[in-house]
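Some notes on the structure that comes next.
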C-alpha cells in the first residue's frame, strides 16, 4: 500500500470514526481507523501514513499525547487535531509542537478535506 494517500483516523467514538473515514474514502484516500492512541502508535511502528486525523479527548491517551508519542518515534506525518472542547491554551500548545490544524467538532466536510489535502500536499 502506498503511504502517499493514506490517512489514519483516531477517535474513541465509533460513529465519528466511521463518519470521518467514510468522508476521507469518498475523497480517494486509503483510511485506517483506530479507537485509541496506543493502537495507532503500535500500527505506526510498522507502517507509514500521509496524515493522521485525531480526536483530542480520548480515554487513556489524549490526541496531543499521541502526537508527542509519534514525534518521539520519529513519525513525521502531518497531524490534525479535532475537539469538541477547544481552548486557546490547548490550541497554542498543539500548534507550538507542530500540529497542522486544530479543528472544532462538528468539523465540516469541506474544512476537513481542505486541511487533509493541504497537509499531504505540504509533505509531498
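Residue 41 - would you say it is modelled with pLDDT of 95 or more, outside any loop (DSSP other than H, G, I, E, B), out of contact with any strand residue (DSSP E or B) (no Cβ under 7 Å at 6 or more places or on another chain) and surrounded by 19 or more Cβ atoms within 10 Å (Cβ to Cβ)? Judged against the criteria, residue 41 is a match. Before we move on, is residue 94 touching a strand residue (DSSP E or B) at 6+ places or on another chain (Cβ under 6 Å), more than 16 Å from residue 9 (Cα to Cα), surrounded by 20 or more Cβ atoms within 10 Å (Cβ to Cβ) and at pLDDT 95 or above? Considered against the rule, which asks whether it is touching a strand residue (DSSP E or B) at 6+ places or on another chain (Cβ under 6 Å), more than 16 Å from residue 9 (Cα to Cα), surrounded by 20 or more Cβ atoms within 10 Å (Cβ to Cβ) and at pLDDT 95 or above, residue 94 comes out as yes. Looking at 59, 78, just one residue is farther than 22 Å from residue 5 by Cα and in contact (Cβ under 8 Å) with a residue 40 or more places away in the chain, and that residue is 59. Assigned to a helix (DSSP H, G or I), in contact (Cβ under 8 Å) with a residue 24 or more places away in the chain and surrounded by fewer than 18 Cβ atoms within 10 Å (Cβ to Cβ): does that describe residue 16? Considered against the rule, which asks whether it is assigned to a helix (DSSP H, G or I), in contact (Cβ under 8 Å) with a residue 24 or more places away in the chain and surrounded by fewer than 18 Cβ atoms within 10 Å (Cβ to Cβ), residue 16 comes out as yes. Under the condition of being under 19 Å from residue 38 (Cβ atoms), part of a loop (DSSP other than H, G, I, E, B) and in contact with a helix residue (DSSP H, G or I) (Cβ under 9 Å, 6 or more places away or on another chain), the residues counted in the range 61-89 number 4.
The values are calculated or read from the model by the stated rules, or taken from the named source; none is laboratory data. Note that the structure is predicted; figures quoted are calculated from it, not measured. Virtual Cβ from ideal backbone geometry, glycine too; neighbours counted across all protein chains shown.
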